[in-house]
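Shown next, in structure tokens, is the structure this report addresses.
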Amino acid sequence: MDVTSTAAASASGGGRWYTGMSADNIKGLVLALSSSLFIGASFIIKKKGLKKAASSGVRAGVGGYSYLYEPLWWVGMITMIVGEVANFAAYAFAPAILVTPLGALSIIISAVLAHVMLREKLHIFGILGCALCVVGSTTIVLHAPPEREIESVTEVWDLATEPAFMCYAAVVIAIAAILVYRFVPLYGQTHVMVYIGVCSLVGSISVMSVKALGIALKLTFSGTNQLIYPQTWAFSLVVISCIITQMNYLNKALDTFNTAVVSPIYYTMFTSLTILASVIMFKDWDRQNPTQIVTEMCGFVTILSGTFLLHKTKDMADGLSMSSSFRLPTSSSVRFSKQTDEDGEGIPLRSSESFRSPH
């Protein structure tokens, strides 16, 4: 009897990994991997489109929208949409603990493609910062609790309208508004955290709505129509509004700063705020022990360390440039300097140029 019960427990628990992943998990894994590939490539394609559009119009970083007439930018946009749809579908088949960490692959893909296609350079400590950001985010998502079972979109609405999450949403909207109306005009061109902060804050709200919308569609396809509830359409409106805002400021960030820097910062801030929103809305920490919570907090510290290194990358590069100015220039350094001047690409977390006249 004991042997039988032990074998049954093994088959229903950890033993399933020895007998292979389920068909649904395999589908989710393939969708998540393809999502990372498409999203990582979209950063590069869109930036090439932004650079091409800037040559014949006003740059997106200073408020221009000429990129909307550039076919290459739309190719990148469609590529990103395909990646996001694949990521959305992956959550319908596999648990978040399997899908979310794979988003880090888009950072690696975009960094490699940026080096090959855009000739963007990243300081060695910037690479270390990227690695820390990825490790910290992976630590958080790997130790995050499993999602709770939801049987109706009205359940998600009840969770979203509880006082705790309403306070979080109010704080997010207030901070995003302050960034947009106060800090973007002053520091948008010099500090990458301004644009990315808006994208990440708004993104944390959009993911909660995307989850609700995904649950509604999944239940509808399974035979329980959720489209009759006004909450489904309310969540859809929130998703559309948030995505438009995210795309606008993400375009500004990509047009102004190095892709290899934008990608990891956007990933880490977006992931961290999304998990925070999920913890507040779904009360995930109520189902966790102290060890898991401490591990997640260590992941946050790791992310902060990586972000700090990324911020210091520009200053360190400037210091190296000043020290190298005391040496006689070699032919290779002249070629690198010429290439940098022509491309307008460095390693910036802060832009080397200001488009505002000095006061």
What residue, among those in the stretch 260-319 that are at pLDDT 85 or above and among the polar types (S, T, N, Q), is farthest from Phe125 (Cα to Cα)? Thr291
Return the pairs, sorted by first residue and then second, in which the second residue is open to solvent by 10 Å² or more (accessible area, probe 1.4 Å) and at pLDDT 80 or above, the first residue lies in the stretch 264-282 and is not assigned by the TED database to the domain that holds Trp157 and of a type outside the set (A, V, I, L, M), the beta carbons are less than 7 Å apart, and the residues are 6+ apart or on different chains. none
Answer residue from the stretch 208-250, given it is over 25 Å from Leu276 (Cα atoms) and in a helix (DSSP H, G or I) and is most open to solvent (accessible area, probe 1.4 Å) among those: Phe221
So which residues in the stretch 192-207 are open to solvent by 20 Å² or more (accessible area, probe 1.4 Å) and either under 11 Å from Tyr266 (Cβ atoms) or in contact with a Gly (Cβ under 9 Å, 6 or more places away or on another chain) (or both), if there are any at all? Met193
Check on Ile178, assigned by the TED database to the domain that holds Asn225, open to solvent by 50 Å² or more (accessible area, probe 1.4 Å), not basic (Lys, Arg) and not in a loop (DSSP other than H, G, I, E, B): yes
Looking at (1) part of a helix (DSSP H, G or I); (2) modelled with pLDDT of 80 or more, find the lone condition where Gly136 falls short. (2)
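The values are calculated or read from the model by the stated rules, or taken from the named source; none is laboratory data. This is a predicted model, so every value here is computed, not measured. Cβ coordinates were reconstructed from backbone atoms using ideal geometry, including for glycine residues, and neighbour counts include every protein chain displayed. Ligands, DNA and RNA are excluded from the accessible area calculation, which covers all protein heavy atoms including side chains. Shrake-Rupley method; radii C 1.70, N 1.55, O 1.52, S 1.80 Å.
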